[in-house]
Every structure is written in C-alpha cells, then in structure tokens.
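A quick write-up on the structure given underneath.
Laboratory data are not the source of any read-out in this text; all were calculated from the coordinates shown. These numbers were taken from a predicted model, which means no experiment stands behind them. Heads up, the Cβs are rebuilt from the backbone with ideal geometry, glycines too, and the neighbour counts pull from every protein chain shown.
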Amino acid sequence: MKSRVITILVFLFVLRICGLCLADTIVLKQGQSLTGDILAEKETAIYVDIGVTILSIPKEDILEYEYTTTFDIEDIDVNKPDVETSKSQQQTGKLYRVGNLKKMSVEKCVDAFSEAVVKISTPAGSGSGFFLNEEGYLITNYHVIEKETKIEVTMFQKAKDGFEKKKFKKIKIEAINPFVDLALLKVEDLGDTKVTYAYLGDIDSLKAGEEVFAIGNPLGLERTVTDGVISSVNRAFEGLVYIQTNADINPGNSGGPLFNLAGEVIGVTNMGYIFFGGLGFAIPVNYVKHFLDNRDAFTYDKDNPNTGFRYIQPDQRRNKTEPKFLKERKGQAN
C-alpha cells in the first residue's frame, strides 16, 4: 500500500513538472485541463505527450485547446516530411507534402517558407505561385497564365545581404482547371538549384477568426506579406466555396499561398477588391488537393487552342480609304 502511494505521488510530481515545462493546453468539457506537447491532431482526436505517457483525447470531450509551444526555426527541418507521410506519397504518386507542423509566429513562418513563393510572369502580366516539392512542380491560378505559353518563374533565395533572384524560362504547363482557377506548372531548368517547398494543410479544422497570412507579389511589389484572420470558411461564389479573409489581396497576389500559423497552405489567393480593403478570397486547399490528385483529368493539351495559346490580333489597316473592290461592287449594284 505504501509503495502504491509513493508511485502515485511520483506520477503526480512528474506530471506537475511536465506541466511547467510544456505549454500546449487542453481544456476538457468536464472542467479538467491538461498541459503537454500536442504531437498530432487528427479528425476525431488529438494525441498529447504528458511526459510519462501519450494520451489520445477524443475531440468530442474537448472544450478548447491551444498551441503555445514555441520552436527555434533552426530546429525545424521544414522540407523533411515524417516517414509515414513520405511513404504514403511514394505509394500514391502525390506531388505535394502534408504534415502536422507546429504553430509559430508569423515572423518565423515567413522565415521558413517565404522562399517557396515565386513570381510568375507572362507577356500579359504577373502573379504569384508556390512550389509543391523539390522537383519544381508549382501551383498558381489559371487566370495568371490564361492563353499564355511564354512563362517565366522568378525564385527568391536567401543570400548574405537579403535575397537573390533566380529566373527560369523553361516552364511546362502540366495541368489546368479553368473552372476552379488552378494551374500546375513545372520548372524544367532548375539544374542544381535547391527548392524550398510548402506543405498543404487541412481545411476541416479551420475556424472564423483564425490568424492567417499571405505572401505574394501585389502590383509587382515582390515578397509582400499581409496578415489577417479568416472572415469566413465557406463563402459561396458561382457554385464554388472560398475562404474569405481580411488579409489584403491585390492584383499580383493571384496564385500565391494563404498560410495558417503552422506555415501550412490552406488556400490559394485568387480574388480581392482593390477599393474595399479587407475583402480577400482564396481557393480552399481541398480543391487544390483534388486537382492534384486527379491531374490526369486536367492534363494540358498543347494541340487544343483553348488551353493556353495567346493569338495576337492582326494590325489594323493603315489605309483608311474604301477598298477598290468594294467601290466596284457598289457600282455594279447601282
């Protein structure tokens, strides 16, 4: 009996110490609270390391929970997915990465993932995009490259005194979905250039009021960061559902990522109202995953004139006088 009491006291002491060291907090509906390291968050449960064991807590029993643990960016290898995720992607042939990343500050997220965001230029204008993997596949809006085949991608890599621009001109259009406004591109002339890519998140856990931020090139202002919150997770337009945010979205942001505070892409920015601030919209990441998982159905066909070629209009006539044959025809009619 005495040894059992000692064991319980030791357990409570260890639990108390872990509660002081770890900062993630879970409040149960019955009033109890736990502190520990949230290791994973699934659809129906979260998994918490309390120091002496790992608990699986059903979400239906949780009143609220909060990530407050901070991490040094040097300790996070953002381009190294866990083993299970990596195996799953190799088996299914997916182009993108997913992961249960820890929440950080906007500053640290930008430091970790801003290099994944690129500028996309065509003869008609410019927009944004982001890398999905180290092989050079990237996502943007369809309207950024609509009816264009001459595409240039500008990458911004960290250098000693800021950022170094690297431009790539051998860009292949892999797939397009005009209805959802998405396009899949591949940079084919990367060479030895190392690519930083972004992880795709999950919209099932998104809530109105959650903090988000966007990175893009609005009005040509490269690597611009804007932050805000989610105004609505299901704003409907013309048969599609969009994420609404008050983070500023302007021309040039199109095709860029909308991040959560874990640095995961939760949407692709594609609409905003210039004269009405705080009205930005993004394509939810579930549409992006569906597009990528079924990319064979949306494969770009270079022989179809409706899938990317921009036809230049002929020059207008310089001689404004009526052509001779029209005058003769009129004379015959009279």
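If you take the square roots of the eigenvalues of the alpha-carbon gyration tensor of segment 70-302 and sort them as a ≥ b ≥ c, do you get rounded (a/c under 1.5), prolate (a/b over b/c) or oblate? It comes out rounded by the Cα gyration axes. FRET efficiency for the pair ILE62 and GLN316, taken as 1/(1 + (r/R0)^6) with r the Cβ-Cβ distance and R0 = 51 Å, rounds to 0.15. The chymotrypsin sites (Phe, Trp or Tyr not before Pro) of segment 110-219 meeting both criteria, a DSSP state outside H, G, I, E and B (loop) and at most 15 other C-beta atoms within 10 angstrom of the site's C-beta, are PHE179. With a cut-off of at most 11 other beta carbons within 10 Å, and DSSP calling the residue loop, which GluC sites (Glu not before Pro) in segment 214-269 qualify? Please list them. Qualifying residues, ordered by number: GLU238.
Shape class for segment 98-204, computed from the alpha carbon gyration tensor (a ≥ b ≥ c): oblate, with a/c not under 1.5 and a/b at or below b/c.
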